[in-house]
Amino acid sequence: MNEKENTGQAKLLSTVINSGLCTGCGACVELCPYMKIHNAKTIALFSCDLDTGRCFRYCPRAQTDFRDLKKQLFDEADLTDELGAFKGLYLTRAMNPKIQEKAQHGGTVTALVQLAMEEGMVKGCVLTDQDENMLPRSFTAFDPSEILAAAGSKFGNAPVIAEFNRISAKRADNIGVVATPCQARALAKMRGNPGIGDEDRMSRLKLVIGLFCGWTLDFKKLNHIVRQEVKDTKIIAMDIPPSKYACMEITTAQGIKKIPIETINDCARQSCDYCTDMTAEFADISVGSARSKDGWDIDKHWNQVIVRSDTGRLLLELAREKGILEFKEVPEENVTRLKAVSLGKRTYGSKMLTQLHETRDVQEAGQCR
């Protein structure tokens, strides 16, 4: 079998991991003993000689016709070029004061996960937390208190899909996942084309809540920069305001420290340059920070929410009915603005991917001479 026909570990290593495309999502981990995550990086412990493998099959950076996948998983009438499946845009925030105090922005994700668990939609949900060095870790919460404890943004990449692979093979419970765009893509590939023996495991995935994402950061670089500013002071929260503020805000018991965004940009992971999805288009419902004419002092307490599937619509309607979320009117220009920003991310990522592939083709041609 030639290289073009190989869809196993060898191709994953050559076309994704060694090319700088790996997102660290963990889709290739916990499926076999060969692939592992170490310090937020995907590594191969041993070589695998299988010509085909789930590691490559589920990788969000492996060549995939994502347009066809969207048609398979969503209502075709809802599909848009800029935002993927789109049933509506909303501005929301959690009504629970404890969530408002602890969670990021409006606390919508925390409130929706708790509601999904309380209503029996899911028994557990894969979430992301981080240690004192800002190394993200993924775990499955089975209690609402665990959900609130993990609230707030983490700017590093966590192996979320590795945790989903682990827990879905271990338990027969219905599972939800809070995922970044690349992680949601991996789950979509699993849903749309599960490997032999994975059909039952994937039937347990009942909810994907996506997070808007511009990039993730190298946790070691970020920790070094942040600790230079706050020393050993306990960090309460981290946030990145709209671009005009050009900074990251670090909230501690002693106040707020601001780090120039140019410094933070130096921590961005290389693989994020090739991302073409800002709004987690393969989620049931996607959540980001709000943007409106009210300004950041108001917007930072709200979220903007895209509903994509019937599951997402049902959950959001339930949150409204039960008073879990507060809603406010969405400015007319918000959809247009969001489409423009999302399209800009797609265009830039596609350009970078094209350049990468052209460079690789030239290098491979040179090796053949």
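The values are calculated or read from the model by the stated rules, or taken from the named source; none is laboratory data. What you see is a predicted model, and the numbers here were worked out from it, not measured in a lab. Ideal geometry is used to build each Cβ from the backbone, glycine not excepted, and the neighbour counts take in all protein chains shown.
Before we move on, is residue 169 surrounded by fewer than 19 Cβ atoms within 10 Å (Cβ to Cβ) and either among the acidic types (Asp, Glu) or over 17 Å from residue 131 (Cβ atoms) (or both)? Yes; evaluated as a whole, the condition is true for this residue. Please verify whether residue 341 is at pLDDT 95 or above, surrounded by 12 or more Cβ atoms within 10 Å (Cβ to Cβ), under 21 Å from the mean Cα position of the chain (by Cα) and hydrophobic (A, V, I, L, M, F, W, C), treating the condition exactly as stated. Taking the combined requirement at face value, the residue satisfies it. The combined condition, being in contact (Cβ under 8 Å) with a residue 24 or more places away in the chain and under 18 Å from the mean Cα position of the chain (by Cα), is fulfilled by residue 40.
Close contacts from the range 189-206, counting a first residue that is under 14 Å from residue 172 (Cα atoms) and without any contact (Cβ under 8 Å) to a residue 24 or more places away in the chain and a second that is among the aliphatic types (A, V, I, L, M) and part of a helix (DSSP H, G or I), with Cβ to Cβ under 7 Å and a gap of 6+ residues or different chains, come to none at all. Any residue in the range 267-277 that is at pLDDT 95 or above and surrounded by fewer than 16 Cβ atoms within 10 Å (Cβ to Cβ)? No, there is no match, as no residue in the range 267-277 is at pLDDT 95 or above and surrounded by fewer than 16 Cβ atoms within 10 Å (Cβ to Cβ). Within the range 51-106, the set of residues being part of a helix (DSSP H, G or I), modelled with pLDDT under 95 and of a type in the set (S, T, N, Q) comprises 100 only. Residues considered: 141, 151. Of these, the only one that is in contact with a Gly (Cβ under 8 Å, 6 or more places away or on another chain), small (Gly, Ala, Ser) and within 24 Å of residue 240 (Cβ to Cβ) is 151. Give the residues of the range 110-134 that are over 25 Å from residue 317 (Cα atoms) and buried (at least 17 other Cβ atoms within 10 Å of the Cβ), sorted by residue number. Answer for the range 110-134, where residues must be over 25 Å from residue 317 (Cα atoms) and buried (at least 17 other Cβ atoms within 10 Å of the Cβ): 128, 129, 130, 134. The set of residues in the range 203-224 that are in contact with a helix residue (DSSP H, G or I) (Cβ under 8 Å, 6 or more places away or on another chain) and surrounded by fewer than 17 Cβ atoms within 10 Å (Cβ to Cβ) contains only 214. Collect the residues in the range 148-161 that are crowded, with 24+ Cβ neighbours inside 10 Å, touching a strand residue (DSSP E or B) at 6+ places or on another chain (Cβ under 6 Å) and aliphatic (A, V, I, L, M), keeping them in residue-number order. Answer for the range 148-161, where residues must be crowded, with 24+ Cβ neighbours inside 10 Å, touching a strand residue (DSSP E or B) at 6+ places or on another chain (Cβ under 6 Å) and aliphatic (A, V, I, L, M): 158, 160.
Annotation for the range 85-97: at least one member residue is in contact (Cβ under 8 Å) with a residue 60 or more places away in the chain, within 19 Å of residue 277 (Cβ to Cβ) and in contact with a Leu (Cβ under 6 Å, 6 or more places away or on another chain).
Screening the range 269-369 for helices (runs of 4 or more DSSP H) wholly inside it with 3 or more residues that are among the acidic types (Asp, Glu) and outside the structural domain of residue 239 (by TED's automatic domain parsing) returns the ranges 310-321, 333-368.
Exactly one residue out of 6, 39 is surrounded by fewer than 14 Cβ atoms within 10 Å (Cβ to Cβ) and either closer than 21 Å to residue 156 by Cβ or not charged (D, E, K, R) (or both), and it is 39.
Per-residue answers, yes or no, for (1) over 23 Å from residue 40 (Cβ atoms); (2) of a type in the set (Phe, Trp, Tyr); (3) free of Cβ contacts under 8 Å to residues at least 24 places away in the same chain:
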{"residue": "229", "(1), (2), (3)": "no, no, no"}
{"residue": "241", "(1), (2), (3)": "yes, no, no"}
{"residue": "251", "(1), (2), (3)": "yes, no, yes"}
{"residue": "258", "(1), (2), (3)": "yes, no, yes"}
{"residue": "275", "(1), (2), (3)": "no, no, no"}
{"residue": "301", "(1), (2), (3)": "yes, no, no"}
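Considering only the range 73-96, I want to know if a residue exists there that is under 25 Å from residue 116 (Cβ atoms) and outside the structural domain of residue 326 (by TED's automatic domain parsing). Scanning the range 73-96 turns up no residue that is under 25 Å from residue 116 (Cβ atoms) and outside the structural domain of residue 326 (by TED's automatic domain parsing). Of everything in the range 236-266 that is under 16 Å from residue 135 (Cα atoms) and in contact with a Ser or Thr (Cβ under 6 Å, 6 or more places away or on another chain), the residue that is surrounded by the most Cβ atoms within 10 Å (Cβ to Cβ) is 237.
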